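Chemist: Structure incoming, see below.
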Amino acid sequence: MNRNNNKTSFFILYDQLRWEEKSLIESAKKKDIKFELINCRENSIELDKPRDTYHNDIILQRCVSYYNNLHSTAAFEGLGAKMINSLHTAIMCGNKLFSHMELSKSGISTPKAFCAFSNQSAMNILNKNGYPKVIKPVVGSWGRMIALLKDKEAAEAVIEDREHMYPLYHIYYFEEFVKRPPRDIRCIVVGENVVAAIYRYSDKNEWKTNMALGGRAESCKVTNEMEDLCLRATRTMKGEILGVDLMESDKKGLLVHEVNNTTEFKNTVRVTGINIPSLIIDHLVNSNK
Amino acid sequence: MIKCAECDAEIKIPSDAMENEIVTCPDCGASYELIKSNNGFAIRPAQSVGEDWGE
């Protein structure tokens, strides 16, 4: 990490440059703000340096890779940097079971969930609670490896497959299948503000609403209820820049079903026209004051 | 000119391209990462196919 210029306002830590990272770079340049890029994959970190090595350095964490993201956050934060978001946020948001427990602890409505640690106990709890249920890997995104278990046969097939996978997939995490309109809501939080929201509609042949799976997006007005829920979730996760996903349950109203630590926002900018990169850059600059 | 390894379509490199930038094939949607080469940029499959963190 090059720290030869003490006038740098902040650093952007990345491993790949998506639309989001390029828009942040472009926005900072337009504002004539001094910043530096750190390529996570080209840097090594001496972990036993003094604990204040990066004191007063603000680092925006934008690594796409979950593992790069989590571990580089731990390293830089441990050496004194202010990471946005923090290690606590990365840990809690990056794992669906951890997220569920944090949200529940704060009284934030979230889909009912349960977990099991062997295939037999997973089947037992599914059979006890009934179907349909949704199985999710505790770590993962873009809707991958999330499956709707409509009955016992479907559950047995998926769980048998899981037994041959990496041990992380033997942590069985299930959620209720929430009855809702065929959409969810992605809200972008920057600091103390919910700056934009979109509805994400599932593709006609898909029950999941992830944009990566072909869903479509529409602008969504941020209501007081949504704002309150998103800011409570943000405070619970101790986050600063987050993507909070909501579902509109027929029975329970708004539920927080996921909080994204290094959120993507390309589709939100496209649909709402709100300049999220600019708002993030302003937040980083203000964090340095 | 860079061609998609999946479908052979031409992939346009932005004029302000940077190393590690993600580019997408306009025809088949495959994602690639730009890497520096002697002639400017080459591509390799985007790492995000292997593991993920995102929207």
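The values are calculated or read from the model by the stated rules, or taken from the named source; none is laboratory data. These numbers come from a predicted model, not from an experiment. Using ideal geometry, Cβ is built from the backbone for each residue, glycine included, and neighbour counts are taken over all protein chains shown. Protein only, heavy atoms only, side chains kept; ligands, DNA and RNA dropped before computing areas. Shrake-Rupley method; radii C 1.70, N 1.55, O 1.52, S 1.80 Å.
Chemist: So which residues in the stretch A:109-126 are open to solvent by less than 10 Å² (accessible area, probe 1.4 Å) and under 23 Å from A:Leu229 (Cβ atoms)?
Modeler: Within the stretch A:109-126, A:Pro111 is the sole residue that qualifies.
Chemist: Okay, moving on. Among A:Lys82, A:Lys112, which is more than 14 Å from chain B (Cβ to nearest Cβ), farther than 30 Å from A:Asn56 by Cβ and at pLDDT 95 or above?
Modeler: A:Lys112
Chemist: A:Ser44 versus (1) buried (at least 20 other Cβ atoms within 10 Å of the Cβ); (2) without any contact (Cβ under 8 Å) to a residue 12 or more places away in the chain: which is the lone unmet condition?
Modeler: Checking A:Ser44 against (1) buried (at least 20 other Cβ atoms within 10 Å of the Cβ); (2) without any contact (Cβ under 8 Å) to a residue 12 or more places away in the chain, the one that fails is (1).
Chemist: Another question, if that's okay. Of the residues that sit in the stretch A:156-192 and are more than 14 Å from chain B (Cβ to nearest Cβ) and without any contact (Cβ under 8 Å) to a residue 40 or more places away in the chain, which one is nearest to A:Thr263 (Cα to Cα)?
Modeler: A:Glu192
Chemist: On the basis of being hydroxyl-bearing (Ser, Thr, Tyr), open to solvent by 60 Å² or more (accessible area, probe 1.4 Å), within 14 Å of chain B (Cβ to nearest Cβ) and more than 19 Å from the chain's Cα centre (by Cα), does A:Tyr131 make the cut?
Modeler: So A:Tyr131 fails the test.
Chemist: Anything in the stretch A:4-51 that is charged (D, E, K, R) and within 26 Å of B:Ile35 (Cα to Cα)? List them, or say none.
Modeler: Within the stretch A:4-51, A:Asp15, A:Arg18, A:Glu20, A:Glu21, A:Lys22, A:Glu26, A:Lys29, A:Lys30, A:Lys34, A:Glu36, A:Arg41, A:Glu42 qualify.
Chemist: Would you check if A:Lys152 is surrounded by 17 or more Cβ atoms within 10 Å (Cβ to Cβ), closer than 26 Å to A:Tyr166 by Cβ, more than 14 Å from every other protein chain (Cβ to nearest Cβ) and of a type in the set (Lys, Arg)?
Modeler: no
Chemist: Could I ask something else about it? Run down A:Gln61, A:Gln16 and say which single residue is open to solvent by less than 10 Å² (accessible area, probe 1.4 Å), within 14 Å of another protein chain (Cβ to nearest Cβ) and farther than 14 Å from A:Leu284 by Cα.
Modeler: From the options A:Gln61, A:Gln16, the qualifying one is A:Gln16.
Chemist: Count, please, the residues in the stretch B:19-29 that happen to be in contact with a helix residue (DSSP H, G or I) (Cβ under 9 Å, 6 or more places away or on another chain) and either surrounded by fewer than 18 Cβ atoms within 10 Å (Cβ to Cβ) or part of a loop (DSSP other than H, G, I, E, B) (or both).
Modeler: Of the residues in that region, 1 qualify.
Chemist: Quick one: which strands (runs of 3 or more DSSP E) sit completely within the stretch A:206-289 and have at least 3 residues that are within 13 Å of chain B (Cβ to nearest Cβ), crowded, with 22+ Cβ neighbours inside 10 Å and modelled with pLDDT of 95 or more?
Modeler: Strands (runs of 3 or more DSSP E) meeting the threshold: A:241-249.
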